[in-house]
Amino acid sequence: MAEKKVKEPLFYIQQPSFQFPETRMQTVYSSRKAELDRKQEQKESVPEPADKINEQAMPEEKGENMTEVKVKEAIEEFEAGREEKKDASFAFTTEKRKPAFNRVKSFKEMDTLERLDYLIDFPKQLPPIPCIFETGEKAIRGFLVSKNEEWIEIKLFDDSIEQLNLQSLNTVKMIGLRR
């Protein structure tokens, strides 16, 4: 049999040599449990009185009591830390926030004089609101033009102006914004 020749590649593609960057993972973290562990380590590194050393020397007799004491201490530390954190970080949420805008009465909640003042002070950029002005004997449809202490002037839809006495006016209702 004839030996097969090793074929060389048809294309020679030059590949760059990559240097991959060194990955740096997170090495430091903090959590509630880690903080408690650090506090316990600090307490253990502080020299203890002779009474506690004797207790540690006899772990068989008081082993259960020691674990209960450690658990209680850890719970107390956690509660104390939680209260401190609660007081510090959530202080702004306990205060009642004041609204940015004052609430304005709706037109239906206003009495007749307030409605008239509202219509007089209505923004001039907006078109006037057609209303029904009811008296004891008639109802007039139109736009409020002006208001005195005794009289109001109403521009009717036929461009005529009518005056009404404030004493005879019972109610004012909006026409244009009804649903």
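Bear in mind these aren't lab numbers, they're just calculated from the coordinates by the rules spelled out. Owing to the predicted nature of the structure, the values given are computational and were not obtained by experimental measurement. Don't worry about glycine lacking a Cβ; one is built from the backbone with ideal geometry, like all the others, and counts go over all protein chains shown.
Values computed for the structure shown
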| item | result |
| --- | --- |
| Out-of-range pairs (alpha-carbon distance over 32 Å; input LYS105/LYS138; LYS98/LYS155; LYS72/LYS98; LYS98/LYS124) | LYS98/LYS155; LYS72/LYS98 |
| Net charge of Cβ neighbours under 10 Å - reference LEU156; Lys, Arg +1; Asp, Glu -1 | -1 |
| Residues SER146 and LYS173, FRET efficiency given R0 of 22 Å [Cβ-Cβ distance, rounded to 0.05] | 0.70 |
| Cα-projected label distance for ILE129 with GLU8, points at 7 Å along beta-carbon direction, nm | 9.3 |
| Descending principal axes extents, segment 111-179, alpha-carbon based, whole Å | 30, 25, 22 |
| Amide H contacts of TRP151 (H built 1.01 Å from N, under 5 Å, at least 5 apart or other chain) | LEU166 |
